[in-house]
Amino acid sequence: MAISFHLNGRPVSTDADPATPLLYVLRDEFQLNGPRFGCGLGQCGCCTVHVGDEAVRSCSVPVAGVAGQAVTTLEGLGTPEHPSVLQQAFIDEQAAQCGYCTNGMIMQAAAFLKQNPHPTEQEIRQALANNLCRCGTHLRFIRAIRRAAAQGVS
Amino acid sequence: MARDLMAHEVTRREFLAGAGALVVSFSLAGSLLSQGGAAAAGTPGAAPALPADLAATPTLDSWLKIDSAGNVTVYSGKVDLGQGIGIAFEQIVADELDVSLAQITNLVQGDTALTPNEGYTAGSLSIAQGGMALRYAAATARQYLVGLAAKEFGVDPGQLTVADGVVRAPDGRSVTYGQLIGGHRFNLTVTSPPPLKDPSEYRYVGKPEPRLEIPGIMTGGSPVYIQNLRLPGMLHGRVLRPPSPGAQLLSLDTSRAAKMPGVVKVVRNGSFVGVVAETEWAAIQAVEALRSAAVWGQTNRFVPADQIDTYLRTTAHSDIRELDTGTALPALAKAAVRVKADYSVPYIAHASIGPSCAIAQLHNGNQWTIWSHTQGVYPDQQALSYLLGVPASNIRVIHMEGAGCYGHNGADDVNADAALLAAAVPGRPVRVQWMRADEFQWEPYGSAMSFRLEGGLDASGNLVAWNHDVWTATYSTRPGPPGWLLAGWYLAQPQLPGPAANVGGDRNAVPYYNLANARVYCHYIERSPLRVSAHRTLGAFRNIFAIESFMDELAAAAKADPVAFRLRYLNDPRATAVIQAVTKAAGWNPGPRPSGRGQGFAFTRYENAGAYVATVAEVEVDRATGQVAVRHIYTSVDVGQIINPNGLANQAEGGAIQATSWTLKEQVTWGAQAIESVDWVTYPILTFPEVPEVTVLPIDNPTLPPVGFGEAACVPIGAAIANAVFDATGARVRRLPLTPERVRAALSQA
Ligand code: FES
Ligand code: FES
């Protein structure tokens, strides 16, 4: 039985085993670059996507769990030519070393800014408390999120 | 993308071999290059010799190509490891070649078919080695092209000007680089340094040019990472690693795994076991099925973690003299005050956020292509040649960026895994990504180290004797030589390594201070209980943790301000400048405060020859819990000429934060047989709420040769934080990480 859902605004369906973590379906079947494998354990945030308006760790959700729902990935926020305000803020702040973790930072922050459009720095740090970055780019992420918040759009 | 590379490869090989190239009708190579005597005029302080990497590969065509539209392709053997070095290379070339950044349309980094062999990308040497090779190559190319134009116009080269790849004569005539050389070979061997521009003429160097790959990273609009490389017909592999190091597979029933949907092949060679499947998830599940079907014989017995310090000091080791004035011990014996302290640092994991990944493909029976985030495509080509039993020339290794690696992690080992699995499915590319636990348990760590320092002060509190012993394992077991790939150890015909060379434990073991009576020995143990290799800074972070903690202890014994005490033993103006900059910015004012807040200082010159860095850390210590919070790190840095200030700041911030994480939280843990650090819960790193503010204070010296900073940035952090804890509480913690238990224990003794 195929599982159908909306992916970045378009209806899609997959024949994957329903227990397959959403991450592998997004990456291997739909060839998306944004969500990435970091731990597969829900600990790092590299695989974050939105299900509805909520930031979700796609490594820890079976694809059957998003049947009928709207899934948005980093690609769904914007493109290199037309990045979202938050993505542009990350570009403006050059907020990456290796950048492998940035998918999680942007997706987590985008969902958070919808709930709290004008956060303090402490609130941003708390919102990202479970997103890991090994390169130590945290301060740039905070600056980028504040920059986007100052523009009033996520 | 990969297909483009293949097509590119053929033309590139023919190109470098000269096949099909038109002979440039007028060659001024000889006469022009003989003018190069005024060598390196724009870089006072630079030796008038070619950069070593350029001397090793002196064919200009190996480094640069200009097509008929004037687009420039740059070839570098130094790869991007998450540090964003690419833009710095482009800035260097654009300035020295006199083209715009936009005219550099392609930068190829690390490909055994395309790029020069620049060994490993390591040691913060990408700018000093790779960048300088490109600077001299670009200057040579410009000089040659201007010579061609001068000949064409019949004027003296000195009358010509160049901008954006267009050469102009005083009478208004002009010719483009594309017209002069477009698509043809330079056919030049660089034998002596060309004149370089004066730094004041640079248009891009010194500016925070943005990295070109960033928009793709932030939108998912381009693959960027090897983890995102998808080749036609690609299969997915995973490896079943043993339950503990050295375990032998006694029996394995593969029947259930082999029948699982999507499984293409179960591969077994001795105790090496893997699976190839149509999808990643099928491969992961099949490995779990194999795990429950495998019976292992385990023999490993780790040295207990709490005895590692004793083990390092007492097991067989070779003793390397780093510095010995011959007078240290007598001076110590005569000193008015003697101070002695022992320090130790645990095994630290690279813990890359993205586990290691590779793709391997076997074609035509014995030709291999390996896509890898290795630090050295050529050494890996060699290592894989031993593993696979084919000549190195049959193997092409292509670098593609992975997550930040910080040294020798699983990148090379996963190449071996992918190749061994790809051998079972000829023609099909096989992608292997390690699972989180694979990376934590099997990567080589930065070695644990143990230190004993003794110092002597005279009656006036002057430092008159210094005695320093370091116990460590080597910091390099990189592949290249046979036997250093993990998978090879478990084959039916195991490929085991020879003895490791003693490397890197001595990095920054010799103090940068002027000390009349000093003795420094590095004792390398012969057998490391845990697998170890190159980890960011090698021994430098650890040695400086010990040395700079000890300088504070000596200053306290001498009742001197820790900074003023150090300045007595430094007479290098660049050292003084970074120290003054950081103490001024941080408002240096140590002394116990009732609030539990404190400041700590540390200084280093990386490798005693590279970047200068001085750091002040501000901490807050909760006396009840022993919890240390690092509030602010101030770091002043002198790397000579700054190529890209944004890149430098990024490395400085990242190095400070990663090293704060090492200092406060990190240590690899193990039980009787197996590594117990398997994920981010069992190996915690610094999180957002714990990250300090970082203030970077760069000092630009545009006329001095540029050196790297990614490693130097980390080096003083451990000591600066430990010194700040002492300043805040009077408690001295000499063992990393500074866990609450250790801080509480030190507080109870303070
Ligand atoms: S990969 Fe999903 S949280 Fe780490
Ligand atoms: S930028 Fe490399 S892990 Fe965050």
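One residue alone among B:ILE699, B:ILE642 is surrounded by 22 or more Cβ atoms within 10 Å (Cβ to Cβ), on the phi < 0 side of the Ramachandran plot and more than 8 Å from chain A (Cβ to nearest Cβ), and that residue is B:ILE642. Can you name every residue in the range A:100-120 that is under 15 Å from A:LEU139 (Cβ atoms) and among the small types (Gly, Ala, Ser)? The answer is A:ALA109, and nothing else. The set of residues in the range B:537-555 that are part of a helix (DSSP H, G or I), of a type in the set (Gly, Ala, Ser) and in contact (Cβ under 8 Å) with a residue 24 or more places away in the chain comprises B:ALA540, B:ALA546, B:SER549. Apart from one condition, B:HIS350 fits all of (1) within 14 Å of another protein chain (Cβ to nearest Cβ); (2) assigned to a strand (DSSP E or B); (3) of a type outside the set (Phe, Trp, Tyr); the exception is (2). In the range A:1-30, the residue that is farthest from the other protein chains (Cβ to nearest Cβ) out of those that are closer than 19 Å to B:GLN227 by Cβ and part of a loop (DSSP other than H, G, I, E, B) is A:PHE30. Quick check on my filter: what residues within the range B:663-685 are among the hydrophobic types (A, V, I, L, M, F, W, C), within 11 Å of chain A (Cβ to nearest Cβ) and either touching a Cys at 6+ places or on another chain (Cβ under 9 Å) or touching a residue at least 60 places away in the same chain (Cβ under 8 Å) (or both)? Once the filter is applied, which keeps residues that are among the hydrophobic types (A, V, I, L, M, F, W, C), within 11 Å of chain A (Cβ to nearest Cβ) and either touching a Cys at 6+ places or on another chain (Cβ under 9 Å) or touching a residue at least 60 places away in the same chain (Cβ under 8 Å) (or both), the range B:663-685 yields B:VAL678, B:TRP680, B:ILE685.
Whether a residue is assigned to a strand (DSSP E or B), more than 33 Å from the chain's Cα centre (by Cα) and at pLDDT 95 or above was assessed, and B:VAL275 does not pass this test.
Of the set (1) within 13 Å of another protein chain (Cβ to nearest Cβ); (2) buried (at least 19 other Cβ atoms within 10 Å of the Cβ); (3) away from ligand 1 (no atom under 16 Å from the Cβ), all apply to A:THR120 but (2). Here A:ARG143, A:ARG134, A:ARG125, A:ARG57 are screened, and the one residue that is more than 9 Å from every other protein chain (Cβ to nearest Cβ) and within 29 Å of B:VAL696 (Cα to Cα) is A:ARG143.
Note on the range B:193-230: residues that are away from chain A (no Cβ under 12 Å) and hydrophobic (A, V, I, L, M, F, W, C) amount to 2. One residue stands out among those in the range B:545-564 that are touching a Pro at 6+ places or on another chain (Cβ under 6 Å) and not small (Gly, Ala, Ser): the one that is nearest to B:SER450 (Cα to Cα), which is B:ILE547. On inspection, B:ASN394 qualifies as more than 30 Å from B:ALA335 (Cβ to Cβ) and either modelled with pLDDT of 95 or more or in contact with a helix residue (DSSP H, G or I) (Cβ under 6 Å, 6 or more places away or on another chain) (or both).
Within 14 Å of chain A (Cβ to nearest Cβ), basic (Lys, Arg) and away from ligand 1 (no atom under 16 Å from the Cβ): does that describe B:ARG431? So B:ARG431 fits the description; yes. Screening B:VAL397 with (1) assigned to a strand (DSSP E or B); (2) of a type outside the set (D, E, K, R); (3) within 16 Å of ligand 1 (Cβ to nearest atom) gives one miss only, at (3). Just one residue in the set A:THR102, A:THR79 is closer than 20 Å to A:VAL49 by Cβ, surrounded by fewer than 17 Cβ atoms within 10 Å (Cβ to Cβ), within 15 Å of the chain's Cα centre (by Cα) and within 11 Å of chain B (Cβ to nearest Cβ); that residue is A:THR79. Scanning the range B:301-319 for residues that are in contact with a Leu (Cβ under 8 Å, 6 or more places away or on another chain) and either within 30 Å of B:THR660 (Cβ to Cβ) or not in a helix (DSSP H, G or I) (or both) turns up at least one hit.
Checked against the criterion of being at positive phi and surrounded by fewer than 23 Cβ atoms within 10 Å (Cβ to Cβ), the range A:143-152 has at least one qualifying residue. Could you say whether any residue in the range B:254-267 is within 13 Å of chain A (Cβ to nearest Cβ), at positive phi and of a type in the set (Gly, Ala, Ser)? Yes, the range B:254-267 contains at least one residue that is within 13 Å of chain A (Cβ to nearest Cβ), at positive phi and of a type in the set (Gly, Ala, Ser). Output the residue which, of all residues in the range A:52-72 that are without any contact (Cβ under 8 Å) to a residue 60 or more places away in the chain and buried (at least 18 other Cβ atoms within 10 Å of the Cβ), is farthest from ligand 2 (Cβ to nearest atom). Among them, the one singled out is A:VAL61. Taking every residue in the range A:119-136 that is without any contact (Cβ under 8 Å) to a residue 40 or more places away in the chain and pairing it with any residue that is crowded, with 20+ Cβ neighbours inside 10 Å and of a type in the set (D, E, K, R), at least 6 positions away or on another chain, the pairs with Cβ-Cβ distances below 7 Å are A:GLY136/B:GLU653. Residue under question is B:ARG507, and the condition is that it be surrounded by fewer than 20 Cβ atoms within 10 Å (Cβ to Cβ), within 25 Å of the chain's Cα centre (by Cα) and in contact (Cβ under 8 Å) with a residue 60 or more places away in the chain; does it hold? Spelling it out, it is not the case that B:ARG507 is surrounded by fewer than 20 Cβ atoms within 10 Å (Cβ to Cβ), within 25 Å of the chain's Cα centre (by Cα) and in contact (Cβ under 8 Å) with a residue 60 or more places away in the chain. The residue pairs whose first member lies in the range A:31-48 and is more than 7 Å from chain B (Cβ to nearest Cβ) and in a strand (DSSP E or B), whose second member is basic (Lys, Arg) and near ligand 1 (Cβ under 6 Å from one of its atoms), and whose beta carbons are closer than 9 Å, counting only pairs six or more residues apart or on different chains, are A:THR48/A:ARG57.
The values are calculated or read from the model by the stated rules, or taken from the named source; none is laboratory data. This structure is a prediction, so every number in the text was calculated from the model and none was measured. Don't worry about glycine lacking a Cβ; one is built from the backbone with ideal geometry, like all the others, and counts go over all protein chains shown.
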